[in-house]
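See structure below.
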Amino acid sequence: MSAPLLWCVVPAAGRGTRVGGDCPKQYLPLGGRPLIEHTLERLATHPQIAGLLVTLGATDVHWSGMTTLHGKPILTAVGGAERSDSVLAGLNALPDSVGADDFVLVHDAARPCVRLADISKLIGLASTVDGGLLGAPLRDTLKRADTTGRSGLTEPRDQRWRAFTPQMFRRGPLSAALRDAARRGVNPGDEAMAMEQAGFAPLLVEGAEDNIKVTTAADFALAEFLLARTA
């Protein structure tokens with residue numbers, strides 16, 4: 001039985017304001033190339049990813065216009081104000097060949113260091129249930145700050161995970177969950193949250209903790225270091 005092929009939606013309509021500057025974070029240089037190109041390159045090299053659907057801002061002038069990568073199609077769609085809006089727009093724009101019961105991956109444009117082995121692990125495990133996401137158990141002591149920035153409480157870390165991407169769910173149920181969240185005025189932090197609110201229990205699949213999300217200026221140097229050492 002051949003391994004399943006999945007499309008991957010990459011929301012890239014955000015501005016990435018925490019980095020600073022006028023250029024959206026996903027287009028800032030990382031090792032001489034825009035950050036997003038490293039992410040797309042990593043995804044396109046995975047043998048079970050059939051194609052990429054990138055959601056862009058309506059006035060995006062930085063997108064390179066690429067249409068293929070490693071022989072795989074790259075499609076684009078206009079995203080929305082929030083991540084969930086962009087993911088839903090990407091799901092709606094997927095080819096008709098992707099059915100409602102087919103699994104789809106969603107991956108952050110700012111996570112270029114995801115390991116191919118972790119993507120394979122996610123696909124293998126999450127496809128046996130109703131979907132899931134990469135993540136890692138919390139290992140640090142967790143503090144709750146008060147309004148003055150002082151430690152007011154030590155929180156239990158048992159059964160608490162950091163959520164990564166890719167996240168993987170069936171196209172139809174994920175689209176329905178995101179539409180329902182929008183109807184209720186809820187902005188889910190990730191796809192798993194939308195699915196949780198729709199009554200699903202996404203599988204947590206442990207992946208490497210170097211699957212970092214590039215968020216601040218300091219993260220760019222770390223991501224460049226990791227890219228040279230991960231595959």
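The values are calculated or read from the model by the stated rules, or taken from the named source; none is laboratory data. Source: prediction; values computed, not measured. With ideal geometry, Cβ positions are generated from the backbone for all residues, glycine too; neighbour counts draw on all protein chains shown.
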**Asked** Any residue at all in region 199-217 that is within 22 Å of L138 (Cβ to Cβ), free of Cβ contacts under 8 Å to residues at least 40 places away in the same chain and out of contact with any strand residue (DSSP E or B) (no Cβ under 6 Å at 6 or more places or on another chain)?
**Response** no
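Conditions tested, residue by residue: (1) small (G, A, S); (2) modelled with pLDDT of 95 or more; (3) surrounded by 13 or more Cβ atoms within 10 Å (Cβ to Cβ).
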| residue | (1), (2), (3) |
| --- | --- |
| P24 | no, no, yes |
| I36 | no, yes, yes |
| E41 | no, yes, yes |
| A44 | yes, yes, yes |
| I49 | no, yes, yes |
| L53 | no, yes, yes |
| W63 | no, yes, yes |
| L69 | no, yes, yes |
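Table: residues versus (1) of a type in the set (K, R); (2) at pLDDT 95 or above; (3) closer than 24 Å to L134 by Cα; (4) surrounded by fewer than 19 Cβ atoms within 10 Å (Cβ to Cβ).
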{"residue": "L6", "(1), (2), (3), (4)": "no, yes, yes, no"}
{"residue": "G32", "(1), (2), (3), (4)": "no, no, no, yes"}
{"residue": "A81", "(1), (2), (3), (4)": "no, no, no, yes"}
{"residue": "R115", "(1), (2), (3), (4)": "yes, yes, yes, yes"}
**Condition check for F200: at pLDDT 95 or above, within 26 Å of A217 (Cβ to Cβ), out of contact with any Phe, Trp or Tyr (no Cβ under 7 Å at 6 or more places or on another chain) and among the hydrophobic types (A, V, I, L, M, F, W, C)** = no
**Item:** Total residues in region 117-142, condition exposed (fewer than 13 other Cβ atoms within 10 Å of the Cβ) and touching a Lys or Arg at 6+ places or on another chain (Cβ under 6 Å)
**Value:** 1
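Can you pull out the residues in region 176-197 that are closer than 21 Å to L125 by Cα and small (G, A, S)?
A192, A194
Go through region 116-231 and tell me which strands (runs of 3 or more DSSP E), entirely inside it, have 3 or more residues that are within 17 Å of the chain's Cα centre (by Cα) and under 19 Å from P11 (Cβ atoms).
Numbers: elements: 132-137, 142-145, 151-155, 161-170, 203-206.
Ranges flagged: 132-137, 161-170.
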**Message:** One residue is enough: does region 38-57 have a residue meeting the conditions part of a loop (DSSP other than H, G, I, E, B) and of a type in the set (V, I, T)?
**Reply:** yes
